[in-house]
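S.K.: I'd like to ask you about the structure that follows.
Just so it is clear, none of the values below were taken in a lab; they were calculated from the coordinates. Model, not experiment: these values are computed from the prediction. Here the Cβ positions follow ideal geometry from the backbone for every residue, glycine too, while neighbour counts run over all protein chains shown.
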Amino acid sequence: MKLKYNGPLTGEVSVPGDKSITHRAIMLASLSKGKTVISKPLLGEDCVSTINIFRKLGVQISTEEDNVIVDSPGYEQFREPAEVLYTGNSGTTTRLLCGLLAGLPFKTVLDGDASIGQRPMGRVIEPLREMGVNIKGRDNQFTPIIINDGGISKVQGINYMMPVKSAQVKSAILLAGLYAEDEVRITEQDISRNHTELMFKNSNIDIEVNDRTILLKSNGIHAIKMKDIEIPGDISSAAFFIVAALIIPGSKITLQDVGTNVTRSGILEVVKMMGGNIQVIDKVQQTEPVSDIVVSYTHNLTGITIEGSLIPKLIDEIPVIALLLAHAQGKSEIRDAEELKVKETNRIDTVVSELNALGYKIQPTTDGMVVYGKVKDERTRDTFDSYGDHRIGMMLAVAALLETVEIEINQFEAINISYPSFMEHINQLKGEL
Ligand code: S3P
């Protein structure tokens, strides 16, 4: 992909459905007997991986206009798949399914692409084993993962203090906990995205949340009945346009129906702290809060430090937030974000290498990065790389909108993981459609 631009972004866009919520909706609808309509889902490659796996388990899943219709025989009628269940590039599919598949009375094998093969899976394998799940991984740390091989799990409850800040780990435990004979209690250090908890409530499952502690009553699986749901726009996708509008002179855009769950909306806090022109207009709340976001170019953004409990609320937005900080006055810092190292790529390395080559000044640290604002030198190369990481590809595309001479972005197709219509939306905001 070759890209440059030298003009403002204006107009309105509805970003695609939230990736995390779409995965969970497909999973809970598949466990529930009968038909569930999921409106405005994301049909990016990661969610398609989840859909294909449930098809292999015997669930009928069809797409009709802007809906996915899940017609399930119920989890008790799932059939043993004859093949490996392929999770592609999707960490959410891989980790959440470790929990969901645990209570089924047959063997399953999960495997993904080369990036998934390097991502830590011990973080789900260990607590699941503590719950009595028969689960093994390569070196017990990586995919392929095999569940219920040579013996069906008898899933028990757990009282678990989360050692990592990860909604995927929390959700894997909660999904396994649906089959547990006693209750599951999880305490988080910092609150991570709570879509699983909200969707359990929406699916007739007895779950209580008290600050950082979650209590799931035993045998929740028997009650499960997912209700129809409309998926809000993905704030992680909206983030690219929020940043683009803030840094491109003359821009003013409206992003419609974006999910603004507080466990996800750290970027909005960041923009406010930096003095960005942003307005969040709340709409009628359904299962998840939804808002329209109006954002415009801001000349005098100020640098800030982003750390602590804010990190899990914006972990996926950090690549494009780094670009935003590079356009603010003064020195900024991102701390407590070592999780960046185990995302689709090591995002400390990939952000620093690509933005520095564009002429920005960013120093990596052990748990984040230091960004020196408003110091942009000449770029040192014309060819950049997503390294197969969708969010690095889109961060580079936003950066390219400020370049007057074209840059080339290799492996740009990675954006299809979470945002297949990204370029169409850019062109719409450039006024070219
Ligand atoms: C996700 C949780 C986050 C996030 C990922 C999606 C989820 O990962 O980075 O893109 O859907 O639960 P961790 O929970 O591993 O931090």
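S.K.: With n ≥ 4 as the cut-off for DSSP H runs, can you work out [θ] at 222 nm for the chain, using -39500 (n - 2.57) per run divided by the number of residues, rounded to the nearest 500?
M.R.: The helix-only estimate for the chain comes to -8500 deg cm²/dmol at 222 nm.
S.K.: Sort the following peptides by mean Cβ neighbour count (other Cβ atoms within 10 Å, averaged over residues), highest first: 89-97, 331-339, 280-288.
M.R.: The most tightly packed comes first, giving 89-97, 331-339, 280-288.
S.K.: Taking just the C-alpha trace of the range 120-211, give me its Rg and Dmax in Å.
M.R.: Cα radius of gyration and Dmax of the range 120-211 are 13.2, 39 Å respectively.
S.K.: I would also like to ask the following. Apply the a/c threshold of 1.5 to the C-alpha gyration tensor of the range 254-314 and tell me whether it is rounded, prolate or oblate. List each step's numbers first, then the result.
M.R.: On the way: a/c = 3.55, a/b = 1.27, b/c = 2.80.
It comes out oblate by the Cα gyration axes.
S.K.: Could you work out the percent of alpha carbon pairs in the range 326-389 separated by over 19 Å, rounded to a whole number?
M.R.: When all Cα pairs of the range 326-389 are counted, 33 percent exceed 19 Å.
S.K.: Can you say what percent of the DSSP beta bridges in the chain, counting only those with both residues inside, are antiparallel? Round to 5. Could you put the intermediate results ahead of the total?
M.R.: Values: 50 of 70 bridges.
Approximately 70 percent, going by the DSSP bridge assignments.
S.K.: Is the shape of the range 106-160 best called rounded, prolate or oblate, per the rule: a/c under 1.5 gives rounded, else a/b larger than b/c gives prolate, else oblate, with a ≥ b ≥ c the square roots of the Cα gyration tensor eigenvalues?
M.R.: Oblate shape, in that a/c is at least 1.5 and b/c is the bigger or equal ratio.
S.K.: Enumerate the amide H contacts of Ile158 below 5 Å, restricted to partners 5 or more residues apart or on another chain; note that Pro and chain-start residues carry no placed amide H.
M.R.: Val184, Arg185
S.K.: What does the C-alpha gyration tensor say about the overall shape of the range 286-351? Classify as rounded when a/c is under 1.5, otherwise prolate if a/b is larger than b/c, or oblate.
M.R.: oblate
S.K.: I'd like the orientation of helix 167-177 relative to the chain: the angle between its Cα long axis and the longest Cα principal axis, in ° from 0 to 90, rounded to 10.
M.R.: 10 degrees
S.K.: In whole angstrom, note down how far apart the Cα centers of the range 268-287 and the range 20-48 are.
M.R.: Using only Cα atoms to place each centre, the spacing works out to 27 Å.
S.K.: Convex hull over the Cα atoms of the range 207-341, averaged projected area in nm²?
M.R.: 9.9 nm²
S.K.: Take the residue pairs Lys33/Lys107; Lys107/Lys201; Lys19/Lys107; Lys19/Lys56 and return only those whose Cα atoms are more than 23 Å apart.
M.R.: Beyond 23 Å: Lys107/Lys201; Lys19/Lys107.
S.K.: Fully extended, how many nm does the chain gain between Glu307 and Gln60 (0.36 nm per residue separation, minus their Cα-Cα distance)?
M.R.: Values: separation 247, 0.36 × 247 = 88.92 nm, distance 4.33 nm.
Full-extension gain reported as 84.6 nm.
S.K.: Could you compute the FRET efficiency for Ala82 and Asp367, with r as their C-beta to C-beta distance and R0 at 35 Å, rounded to 0.05?
M.R.: 0.20
S.K.: How large is the direction-averaged shadow of the alpha-carbon convex hull of the range 170-269, in nm²?
M.R.: That works out to 7.5 nm².
S.K.: What does the extension gain come out to for Val294 and Thr263, with contour length at 0.36 nm per residue minus their alpha carbon separation?
M.R.: 9.1 nm
S.K.: How much length is gained if the chain between Lys217 and Ser353 is pulled fully straight, taking 0.36 nm per residue apart and subtracting their Cα-Cα distance, in nm to one decimal?
M.R.: Values: separation 136, 0.36 × 136 = 48.96 nm, distance 4.68 nm.
Net length gain for the segment: 44.3 nm.
S.K.: Then there is this: Let me see the pair-distance distribution of the range 283-403: every alpha carbon pair, 10 Å bin width, integer percents in order.
M.R.: Per 10 Å bin, starting at zero, the Cα-Cα P(r) for the range 283-403 comes out as 13, 43, 33, 10, 1 percent.
S.K.: In nm, to one decimal, how far is the modelled label at Val342 from the one at Asp149, with both set 7 Å along Cα→Cβ?
M.R.: According to this spin-label approximation, the distance is 2.1 nm.
S.K.: Can you compute the charge dipole magnitude of the range 84-213 about its Cα centre, using +1 on each Lys and Arg Cβ and -1 on each Asp and Glu Cβ, nothing else charged? Give it in debye, rounded to the nearest 20.
M.R.: Value, rounded to 20: 300 debye.
S.K.: Based on the alpha carbons, how large is the Rg to Rh ratio for the range 54-182 when Rh follows Kirkwood?
M.R.: That ratio is 0.97, to two decimals.
S.K.: Taking every pair of alpha-carbon atoms in the range 1-128, give the share separated by more than 26 Å as a whole percent.
M.R.: 29 percent
S.K.: After finding the eigenvalues of the alpha carbon gyration tensor for the chain, what semi-axes result from the square roots of 5 times each, listed largest first in whole Å?
M.R.: Equivalent ellipsoid of the chain: 37, 22, 20 Å, largest first.
S.K.: Below 8 Å between Cα atoms, with a sequence gap of 6+, how large is the relative contact order for the chain in percent? Display every interim value, and only then the final one.
M.R.: Working: 1018 pairs, mean separation 76.2, N = 433.
Value for the chain: 18 percent.
S.K.: While we're here: Averaging sequence separations of C-alpha pairs under 8 Å and six or more residues apart, then dividing by the length of the range 84-138, give the relative contact order as a whole percent.
M.R.: After rounding, I find 39 percent.
S.K.: Compute the long axis of helix 390-400 from its Cα atoms, compare it with the longest principal axis of the Cα atoms of the chain, and write down the angle in degrees, 0 to 90, nearest 10.
M.R.: 10 degrees
S.K.: Whole-Hz ³J(HN,Hα) for each residue in the range 418-424, computed from phi via Karplus 6.51 cos²θ - 1.76 cosθ + 1.60 with θ = phi - 60°, x for glycine and proline: what do you get?
M.R.: 10, 8, x, 9, 4, 5, 4
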